[in-house]
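Enquirer: Here you go, one structure.
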């Protein structure tokens, strides 16, 4: 039986991220994967527990974006919301 993909999201940090007004470079990161452990591996972590605020997302926009290219990590500035967030490939 084939496993359905889930979309996982977490908070990251990237130096190339545009700085928030407070100088922070935190990001919202998403990826479509079968398991949290696969999401962690794709993001370069040893295990899911190392990822800050990792969860399965219910956000329709994030789900659509991540499912457009399964296995590809997308990121955007954490302080941008909804349509204001410009997704970039990691």
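Enquirer: Name the residues in segment 63-84 that are farther than 20 Å from residue 42 by Cβ and assigned to a loop (DSSP other than H, G, I, E, B), would you? Working first, answer last.
Expert: Looking only at segment 63-84, we keep the residues that are farther than 20 Å from residue 42 by Cβ, and these are 77, 79-84.
Across segment 63-84, the qualifying residues are 79, 80, 81.
Enquirer: Taking the condition of being closer than 14 Å to residue 75 by Cβ and surrounded by fewer than 21 Cβ atoms within 10 Å (Cβ to Cβ), how many residues in segment 25-39 meet it?
Expert: Residues meeting the conditions: 2.
Enquirer: Does segment 22-53 hold any residues that are out of contact with any helix residue (DSSP H, G or I) (no Cβ under 9 Å at 6 or more places or on another chain), without any contact (Cβ under 8 Å) to a residue 12 or more places away in the chain and part of a loop (DSSP other than H, G, I, E, B), and which are they?
Expert: Passing the criteria: 22, 23, 44.
Enquirer: Just to check your reading of the model, which residue among 67, 78 is touching a residue at least 60 places away in the same chain (Cβ under 8 Å), surrounded by 13 or more Cβ atoms within 10 Å (Cβ to Cβ) and more than 19 Å from residue 17 (Cβ to Cβ)? Walk me through how you get there before you give the answer.
Expert: On the way: 78 fails: more than 19 Å from residue 17 (Cβ to Cβ).
Testing whether each residue is touching a residue at least 60 places away in the same chain (Cβ under 8 Å), surrounded by 13 or more Cβ atoms within 10 Å (Cβ to Cβ) and more than 19 Å from residue 17 (Cβ to Cβ) leaves just 67.
The numbers here are math on the coordinates, done by the rules we state, and not lab data. The shown structure was predicted, so the numbers you read here are calculated from the model rather than taken from an experiment. Cβ: placed from backbone, ideal geometry, glycine included. Neighbour counts: every protein chain shown.
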